[in-house]
């Protein structure tokens, strides 16, 4: 069959499928309980495959190659046989996804791979994503913070302990939280004599009853900024809803407080948010303290280390753990 005729047949069939079924590839019940990042992946596939017929001036193969979307098993025409009751697995392998649908014989029927890249998965370029970030931040639903003391704590001195799971780029940039040993057990550090550890705990969401206003200067596309005020809880809610891993470092202890850096990482969607925040020196005593933050959202994984180093090279790092 001539290639042009095959292409027209595929295109016609695909338009009919997309318009009649909206490509419901995943069970709604599965979406309802899935993490936000997996829902983004599922929505991406349904949207992406349904929109392919719109690209009339290029072949489907070239479009998918440009986006680095490939079939490892099956082909595009097989998608019309997928139902939302078919067993499916979604796996993140390094920096790309592998989604596999199985038939009753448990043999892979369709296997498709694509990059864990936020602009592809969200269907928007960085300028659009940064413009929408404020609305996403404000729309984040309140989350119940898990304040359970971790089972494994590293001893720093007789009374001070640390829960540390991972670091990012440098040993000082970590997900560590800190605890004091009391007679009745371990309590998260929130003490005016240990402000740096208290700040780390605060920005990791260990004190949901201690909310602060946060004045944000956010970078947007084109070397411009937007300014707005949110509550710290809204930032933490957003991070938790999107499943972001938080890494904190003290950059400088200044007269007006602590200058800290926090990176919120999404391995699942391939981006980082970089937050440079001044935490006032009296934040423990003053519940009305205002945090001042500079926010650079949606930094690609390949660029975040360089940007982090540029932003912090003018500050004298304090080695505090």
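What follows draws every value from the coordinates through simple rules; no lab data is involved. None of these values were measured; they are calculated from a predicted model. FYI the Cβ positions are ideal-geometry reconstructions off the backbone, even for glycines, and counts take in every protein chain you see.
Listing for the model above:
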read-out	value
Highest-first arrangement of 78-90, 113-125, where packing means the average Cβ count within 10 Å	113-125, 78-90
Distance between region 179-230 and region 113-147 - C-alpha centres, whole angstrom	21 Å
Reciprocal of mean inverse Cα separation for region 91-234 (Kirkwood radius, Å)	19.3 Å
For peptides 32-38, 42-48, sequence by mean Cβ density within 10 Å, most packed first	42-48, 32-38
Translational D in µm²/s for region 126-312 (Stokes-Einstein at 10 °C, 1.306 mPa s, Kirkwood Rh from C-alpha pairs)	93 µm²/s
Protection proxy ranking, peptides 251-263, 197-209, average beta carbon neighbours within 10 Å, highest first	197-209, 251-263
Ranked list, fewest to most other Cβ atoms within 10 Å of each Cβ, for 223, 214	223, 214
